There are 2 protein chains.
Amino acid sequence: MKKLPGKTVERLSEYRRALLGSLADNRSYIFSHELAALLHITAVQVRRDLMLIGYGSVMRKGYDIRELIKTIGDIIDAPTGLNVAIIGMGNLGRAITGYFMGKRTKLNVVAAFDIDPQKVDKVVSGVKCYHFDNFKRLRSELDITIGVLTVPPDQGKAVTAQLVSYGIKGILNFTTVSLNVPENVYLEEFDMITSIEKVAYFVKENQ
Amino acid sequence: MKKLPGKTVERLSEYRRALLGSLADNRSYIFSHELAALLHITAVQVRRDLMLIGYGSVMRKGYDIRELIKTIGDIIDAPTGLNVAIIGMGNLGRAITGYFMGKRTKLNVVAAFDIDPQKVDKVVSGVKCYHFDNFKRLRSELDITIGVLTVPPDQGKAVTAQLVSYGIKGILNFTTVSLNVPENVYLEEFDMITSIEKVAYFVKENQ
DNA sequence: TTTTTACTGTTCATCAAATAACAAATATTA
DNA sequence: TAATATTTGTTATTTGATGAACAGTAAAAA
């Protein structure tokens, strides 16, 4: 399958979550315009995304929710699942760990790392925190491919260099520093301050 | 000034942060390609954004950092600043509150809200947590215009309805539910699960 | 002084994403 | 049965964002 646009991947993830919610409401089929309404987008957008992944519905009954959930999984999940580590077990690290609790996804948070003795060896939401000195060994033992970076900004660059050199393949960066990674490592950055400043700008402009 | 594209606003916020960093390094002028390198974008993109806000440099010396910081502030900040409240003082709420500590921005986190007696009346990073029952009163007393939503997903929709009805103008939503707000309220959504699933997809595809 | 070099501001071209348009398919109604 | 209504899959159009090209300008070098 051809590589999908990033935006489509994001929406597929959101579709799946919405669909799981609909299943919980004992629905079995859903129309494109209903799914669209759940995400506040247009029905065309939904149909176009599903076209890209080659999913077809039973005409006039809508999409089979269970089937669609499975199809989305086949596309965006790795067959065997991927293992994730939280790097930096401060408030944010704990928050993210908590988010994953109980969610049966193909992404497994298998470890957390920190250098603070207060945090090392503690277990949060079922995830054990190791000293970062053990990262190299545990990275390969536990087959960790994705790192969620939630360390203080001044440590962001140094820690990233280590993650990369020990073989991490994807990084989700929550620090406020902009990182440098090689071609073969996928990097997604999220900056809270920027997000709030953006909200503030549009609030100001709306008045 | 005409409303700027959302992407440009995001970059302006990032430029400013990078510029403040350069100031700290005792630099006074910066070239477009240098600023671009700090954000891993192209020099053209930088010049284009600055063109949009009508900022001109001293030719061949680069941009005056102090002046540019001020210009960006004039564009994206509200003249008097805006007040922000954190709704939900779990790990994520505390993390965000901490992010703002010590940053002299025009955005002031003036209050936090929760319903858990364990959290109410506690002070975190200089921000006091109130019971959400007081939101209506404090919203207007403290002139809160922006809410950062960090409550459990099942409460997202109900809490949002209240924020809106009591006059909030912008919401940054960190819950995993998709919210509905009226036209005049600006909504920015961020979904961690989606972000990590996106990283996972591109890690999988890169191999 | 003249030439070269180094940047900028702006226009033009390309690429990606979102929206609109519409033929095809099937259930429902008349 | 024929006509209508509903929903899909796909193509075409528009919009928006990014990247490339280039003329203009000032400092530095010759």
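Spot the failing condition for B:Arg11; the list is (1) open to solvent by 80 Å² or more (accessible area, probe 1.4 Å); (2) part of a helix (DSSP H, G or I), and only one is missed.
(1)
From the residues in the stretch B:82-110 that are more than 16 Å from B:Thr145 (Cα to Cα) and surrounded by fewer than 17 Cβ atoms within 10 Å (Cβ to Cβ), which one is nearest to the other protein chains (Cβ to nearest Cβ)?
It comes out as B:Lys103.
Looking at A:Leu50, is it within 16 Å of DNA strand C (Cβ to nearest atom), assigned to a helix (DSSP H, G or I) and within 14 Å of chain B (Cβ to nearest Cβ)?
Answer is no for this residue.
Would you mind finding the one in A:Lys157, A:Lys128 that is under 25 Å from B:Gly21 (Cβ atoms), open to solvent by 50 Å² or more (accessible area, probe 1.4 Å) and out of contact with any Gly (no Cβ under 7 Å at 6 or more places or on another chain)? Step through it out loud before you land on a result.
On the way: A:Lys128 fails: under 25 Å from B:Gly21 (Cβ atoms).
Going through A:Lys157, A:Lys128 in turn, just one is under 25 Å from B:Gly21 (Cβ atoms), open to solvent by 50 Å² or more (accessible area, probe 1.4 Å) and out of contact with any Gly (no Cβ under 7 Å at 6 or more places or on another chain): A:Lys157.
State all residues of the stretch A:54-77 that are open to solvent by less than 80 Å² (accessible area, probe 1.4 Å) and either away from DNA strand C (no atom under 16 Å from the Cβ) or closer than 24 Å to B:Lys204 by Cα (or both); if no residue qualifies, say none.
Step one: of the stretch A:54-77, the residues open to solvent by less than 80 Å² (accessible area, probe 1.4 Å) are A:54-58, A:62-65, A:68-69, A:71-73, A:75-77.
A:Gly54, A:Tyr55, A:Ile65, A:Leu68, A:Ile69, A:Thr71, A:Ile72, A:Gly73, A:Ile75, A:Ile76, A:Asp77, listed by residue number.
Against the condition closer than 30 Å to A:Thr150 by Cβ, loosely packed, with under 13 Cβ neighbours inside 10 Å and modelled with pLDDT under 95, how does A:Lys3 come out, does it pass? Spell out how you get there, then give the answer.
Details: closer than 30 Å to A:Thr150 by Cβ: yes; loosely packed, with under 13 Cβ neighbours inside 10 Å: yes; modelled with pLDDT under 95: yes.
Yes; evaluated as a whole, the condition is true for this residue.
Name every residue in the stretch B:185-207 that is at the interface with chain A (Cβ under 7 Å from one of its Cβ atoms), at pLDDT 90 or above and open to solvent by 30 Å² or more (accessible area, probe 1.4 Å), in order of residue number.
B:Tyr186, B:Glu188, B:Lys204
Report whether or not A:Tyr166 is open to solvent by 60 Å² or more (accessible area, probe 1.4 Å), of a type in the set (Ser, Thr, Tyr) and either over 16 Å from the mean Cα position of the chain (by Cα) or within 10 Å of chain B (Cβ to nearest Cβ) (or both). Write out each step before concluding.
Working: open to solvent by 60 Å² or more (accessible area, probe 1.4 Å): yes; of a type in the set (Ser, Thr, Tyr): yes; either over 16 Å from the mean Cα position of the chain (by Cα) or within 10 Å of chain B (Cβ to nearest Cβ) (or both): yes.
Yes; evaluated as a whole, the condition is true for this residue.
Looking at B:Met51, is it over 23 Å from A:Asn206 (Cβ atoms), within 13 Å of DNA strand D (Cβ to nearest atom) and either at pLDDT 90 or above or surrounded by 16 or more Cβ atoms within 10 Å (Cβ to Cβ) (or both)? It would help to see each step written out before you state the result.
Values: over 23 Å from A:Asn206 (Cβ atoms): yes; within 13 Å of DNA strand D (Cβ to nearest atom): yes; either at pLDDT 90 or above or surrounded by 16 or more Cβ atoms within 10 Å (Cβ to Cβ) (or both): yes.
When the stated conditions are applied, B:Met51 passes them.
Does B:Ile30 meet the test of being within 14 Å of chain A (Cβ to nearest Cβ), modelled with pLDDT of 90 or more and either more than 8 Å from DNA strand C (Cβ to nearest atom) or farther than 16 Å from B:Lys7 by Cα (or both)? Working first, answer last.
Numbers: within 14 Å of chain A (Cβ to nearest Cβ): no; modelled with pLDDT of 90 or more: yes; either more than 8 Å from DNA strand C (Cβ to nearest atom) or farther than 16 Å from B:Lys7 by Cα (or both): yes.
No: the conditions fail for B:Ile30.
How many of the residues making up the stretch B:33-47 are surrounded by 14 or more Cβ atoms within 10 Å (Cβ to Cβ) and within 12 Å of chain A (Cβ to nearest Cβ)?
6
Which pairs turn up if I take residues in the stretch B:130-149 that are more than 24 Å from A:Lys204 (Cβ to Cβ) and at pLDDT 95 or above and look for partners that are open to solvent by 40 Å² or more (accessible area, probe 1.4 Å) and among the aliphatic types (A, V, I, L, M) with beta carbon separation below 6 Å, at least 6 apart in sequence or on another chain?
Qualifying pairs under 6 Å: B:Phe132/B:Ile115.
The values are calculated or read from the model by the stated rules, or taken from the named source; none is laboratory data. Note that the coordinates shown come from a computational prediction; the quantities given were computed from them, not determined experimentally. Glycine also receives a Cβ, built like all others from the backbone with ideal geometry; neighbour counts cover every protein chain displayed. Surface accessibility is based on the protein's heavy atoms, side chains included, excluding ligands, DNA and RNA. Shrake-Rupley method; radii C 1.70, N 1.55, O 1.52, S 1.80 Å.
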